[in-house]
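Right, one structure below, let's go through it.
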Amino acid sequence: MSIIAEARESLTVPINKVKPHPENPRRGDVAGIASSLARFGQVRPILAQKSTGYIVAGNHTYQAAKQLAWKKIAVAIVDLSDEDARAYMLADNRWSDVAQNDDAALLAILKDLGEAGQLEGTGYSPDDLDDLLSLLESQSLPPESTAATHSETPEETAARVRPALAPMVEVVLLMPLDLKPIFAEQLAALRASYGTTGVTDTIMRCIAEAASAIEPPPAEEPQE
């Protein structure tokens, strides 16, 4: 059964009236989007080209709705040329790529939602919260800022170290679905062995150890 926000009901059409754009280069987390649709319903309509029915924004929302066996979906139909449709599709993907989070603000929200058990459907897990908190707490601090006279809250720590942080980037790891449980099991074993708390710390520790074991190539003799 489709779950469409009341404000979007006027845009609802049979789901087979639109179709994924065949040239869309983005590969999204359909299962993750499906979990968001299951929790929140469809609040934002997808965007489709009038002449072809191709989706130019929301391809993975459409796929997630199909995965949930929805029969209808909210669609904004726009009259775009083929060139503009492809350009808009790339722009929609690109501006999402280059956006950055305010890590301190993100940490505060994740902490509140995590404590309330409300992370489902957000795309974040308790591990992501651990990773961000670990990153913020591990930054080098100026000497005068280390003489704290009270136990800091995570929000105070984040606000204090935020100016020293480099911008964060998202790295997506793609793997066959049948390898996911094996990856999770091995990652948990590494975390226990290293004593790390987050996914990022664990993977970086593993990469660093593997890199240190690589024999450097022999130095080339200078040519006469």
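Only the coordinates and a few stated rules stand behind these numbers; no lab work does. All figures in this text were calculated on a predicted structure; none of them were measured in a lab. In this analysis, Cβ positions are derived from the backbone assuming ideal geometry, glycine residues included, and neighbour counts consider all displayed protein chains.
Values as computed for the structure displayed
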{"item": "Loop sites in region 59-93: trypsin sites (Lys or Arg not before Pro), DSSP, at most 16 other Cβ within 10 Å", "result": "Lys71"}
{"item": "Cβ-based exposure ranking for Met1, Met204, Met89, in which fewest neighbours within 10 Å come first", "result": "Met1, Met204, Met89"}
{"item": "Among Ala69, Asn24, Leu11 - extreme Cα towards positive end, dipole of region 6-98, charges at beta-carbon", "result": "Ala69"}
{"item": "Tensor-based shape of region 6-98 (alpha-carbon gyration tensor, a/c under 1.5 rounded, otherwise prolate or oblate)", "result": "oblate"}
{"item": "Rounded FRET efficiency, nearest 0.05, which uses the C-beta distance separating Thr52 from Ala210 and R0 of 41 Å", "result": "0.30"}
{"item": "Partners for Lys19 among lysines (Cα-Cα distance below 27 Å; same-chain residues under 8 apart left out)", "result": "Lys50, Lys66, Lys71, Lys72"}
{"item": "Tyr194, Tyr88, Tyr62 arranged by Cβ crowding within 10 Å, fewest neighbours leading", "result": "Tyr194, Tyr88, Tyr62"}
{"item": "Distant-in-sequence amide H partners of Ile3 (H built 1.01 Å from N, under 5 Å)", "result": "Gln42"}
{"item": "Linear extension gain, Ser10 paired with Ala105, 0.36 nm per residue minus alpha-carbon span", "result": "30.7 nm"}
